[in-house]
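Asker: Quick one: this structure, given as structure tokens, is what I'll be asking you about.
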Amino acid sequence: MSDQTQTDQTQTGQTQAEHRTAIVTGAARGIGAAVAKRLAADGLQVAVLDLDESACAAVVSEIEQAGGKALAVGVDVSDEAGVQAAVERVAAELGAPTVLINNAGIIRDNMLFKMTVDDWDAVMGVHLRGSFLMARACQKHMVDAKWGRIVNLSSTSALGNRGQANYSAAKAGLQGFTKTLAIELGRFGVTANAIAPGFIATDMTKATAERMGITFEQFLEGAAKEIPVGRVGLPEDIAATAAFLVREDAGFVSGQVIYVAGGPKA
Ligand code: NAP
């Protein structure tokens, strides 16, 4: 059995290949941090990427203290040369990245008539250009390994959301991007899927509450009332879905958008 096909029983009781290396972008906090920790618990080596390398230290140290292997890398995912250098560094110091979670994200919400070109470009730059650059840089390693998993973070906002013309367009764009990657890369053993979270309690939703002039607690309470399962989502809910999509035995799930929103719609 080769390294690539060897499997191991992991902390969560699933089979997962040894020696796989995952990159999670925007992983210093929020959903990305939860995904990084979950993948490490499942036996993957994890590169924790974020704008500020020092901000990744806490997640890396938590993974290492739990017996896992992780690497902090500072990079702006919208910077072409920076992305190339970051992916090469991960390959050299941790292993060929054959799992990619495109999670880094920002919001610049405003009603259309007040939205600036900078608001539009910044959101497109991180979500769409960033996911494209990361996927393009990692695909070579996946194709070489004849195995790979790409997971892109979309959102229920892809279905339309007031004040988010830029963000909803980017998140809908990511769904088309995902399906095209699935079509192009499937023959190389690479799957591509998108997770579209609903309301998840993170700094991003905290910032929205601040902008609305209400407390985070009021925002959470109001949101939970609208969600069929009666609660808002946690970063760990998204991590569990990502963990499934990157599993060895999820190889026939590709080109899908999984809404993780506590109910059938946003
Ligand atoms: P978050 O708490 O704001 O974390 C986002 C992370 O991405 C931050 O660590 C941020 O770094 C990093 N980042 C931003 N721009 C970057 C860039 N250019 N290069 C590298 N890293 C960058 O957000 P979250 O709530 O965890 O969301 C994670 C993903 O899920 C995003 O794609 C978001 O759109 C999506 N999502 C979230 C929700 C939700 O309810 N929270 C719902 C649907 C989808 P800094 O701290 O330095 O800014």
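Asker: Go through (1) in a loop (DSSP other than H, G, I, E, B); (2) farther than 23 Å from P197 by Cα one by one and return the number of the condition I107 breaks.
Answerer: It is condition (2) that I107 fails.
Asker: Taking the residues in segment 142-162 that are of a type outside the set (A, V, I, L, M, F, W, C) and either at pLDDT below 95 or surrounded by fewer than 18 Cβ atoms within 10 Å (Cβ to Cβ) (or both) as candidates, determine which candidate is nearest to F113 (Cα to Cα).
Answerer: R162
Asker: Output the residue which, of all residues in segment 115-141 that are in contact with a strand residue (DSSP E or B) (Cβ under 8 Å, 6 or more places away or on another chain) and under 15 Å from Q84 (Cα atoms), is surrounded by the most Cβ atoms within 10 Å (Cβ to Cβ).
Answerer: S131
Asker: Anything in segment 58-88 that is within 27 Å of R129 (Cβ to Cβ), in a helix (DSSP H, G or I) and more than 11 Å from the ligand (Cβ to nearest atom)? List them, or say none.
Answerer: V60, E80, A81, Q84, A85, V87, E88
Asker: Out of contact with any strand residue (DSSP E or B) (no Cβ under 9 Å at 6 or more places or on another chain), free of Cβ contacts under 8 Å to residues at least 12 places away in the same chain and acidic (D, E): does that describe E221?
Answerer: yes
Asker: Please pick out the residue among E217, E210 that is away from the ligand (no atom under 15 Å from the Cβ), surrounded by fewer than 15 Cβ atoms within 10 Å (Cβ to Cβ) and of a type outside the set (V, I, T).
Answerer: Going through E217, E210 in turn, the sole match is E217.
Asker: Shifting gears a bit: Right, R89: farther than 13 Å from A47 by Cβ and open to solvent by 60 Å² or more (accessible area, probe 1.4 Å) or not?
Answerer: no
Asker: Could you please find all residues in segment 42-75 being open to solvent by 30 Å² or more (accessible area, probe 1.4 Å) and farther than 16 Å from T25 by Cβ?
Answerer: Residues satisfying the conditions are G43, S54, A57, A58, S61, E62, E64, Q65, A66, G67, K69.
Asker: Additional query: Might you let me know whether segment 172-190 holds any residue that is within 8 Å of the ligand (Cβ to nearest atom) and either at positive phi or within 19 Å of the chain's Cα centre (by Cα) (or both)?
Answerer: no
The values are calculated or read from the model by the stated rules, or taken from the named source; none is laboratory data. This is a predicted model, so every value here is computed, not measured. Glycine also receives a Cβ, built like all others from the backbone with ideal geometry; neighbour counts cover every protein chain displayed. The protein model used for the area step is the full one, side chains on, heavy atoms only, and it has no ligands, DNA or RNA in it. Shrake-Rupley method; radii C 1.70, N 1.55, O 1.52, S 1.80 Å.
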